[in-house]
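Reviewing the structure listed below.
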Amino acid sequence: MIRIAKQLLATLALLPVIAWAGPVDLNTADAATLARELKGIGPARAEAIIAWREANGPFKSPEDIVLVQGIGERVLEDNRAHLTASAADESE
């Protein structure tokens, strides 16, 4: 019985990981998607990401998210596994 309980707890611990929607492309995602899918990104930061992209062109790598004012290393680290940045010709 204890073994089954441990297996159940281990399975339940994975639910937030399983529920995560998947990669978010910084070059194609809209503000609503960014705010919904990324930890530490609300509507204002999501709009800042879009504004940065429109002013500077596509992100070259997920790490470039820290170039957006108000977004630091912590947000990058919290989301690194879920971020992508498609090539410029793919995002157009």
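Each value in this text was obtained by applying a stated rule to the coordinates, not by laboratory testing. The model shown is predicted, which means the values in this text are computed figures rather than measured ones. As a convention, Cβ positions derive from the backbone with ideal geometry for all residues, glycine included, and neighbour counts pool all protein chains shown.
Points to keep in mind about this one:
- Calculated FRET value between A51 and A81, using beta carbons and R₀ = 22 Å, to 0.05: 0.30
- Long-range HN-HN contacts of D25 with modeled amide H, under 5 Å: T84
- Our estimate of slack between E63 and A32, defined as 0.36 nm per intervening residue step minus the Cα-Cα distance, is 9.1 nm.
- Karplus (6.51, -1.76, 1.60) ³J(HN,Hα), θ = phi - 60°, over the stretch 70-86, in Hz, Gly and Pro reported as x: x, 10, x, 4, 4, 5, 4, 5, 5, 10, 3, 5, 10, 9, 9, 9, 5
- The string of couplings for the stretch 60-65 from the Karplus curve (6.51, -1.76, 1.60, θ = phi - 60°) is 7, 8, x, 5, 5, 4 Hz, one whole number per residue in order, with x for Gly and Pro.
- Trypsin sites (Lys or Arg not before Pro) restricted to DSSP loop in the stretch 36-76 with at most 12 other C-beta within 10 Å: K39
- By the compact-protein rule of thumb, 2.2 N^0.38 Å, the alpha-carbon radius of gyration of the stretch 21-91 corresponds to a ratio of 0.95.
- Farthest positive-ward along the stretch 21-91 dipole, Cα basis, beta-carbon charges - from G40, L67, H82: G40
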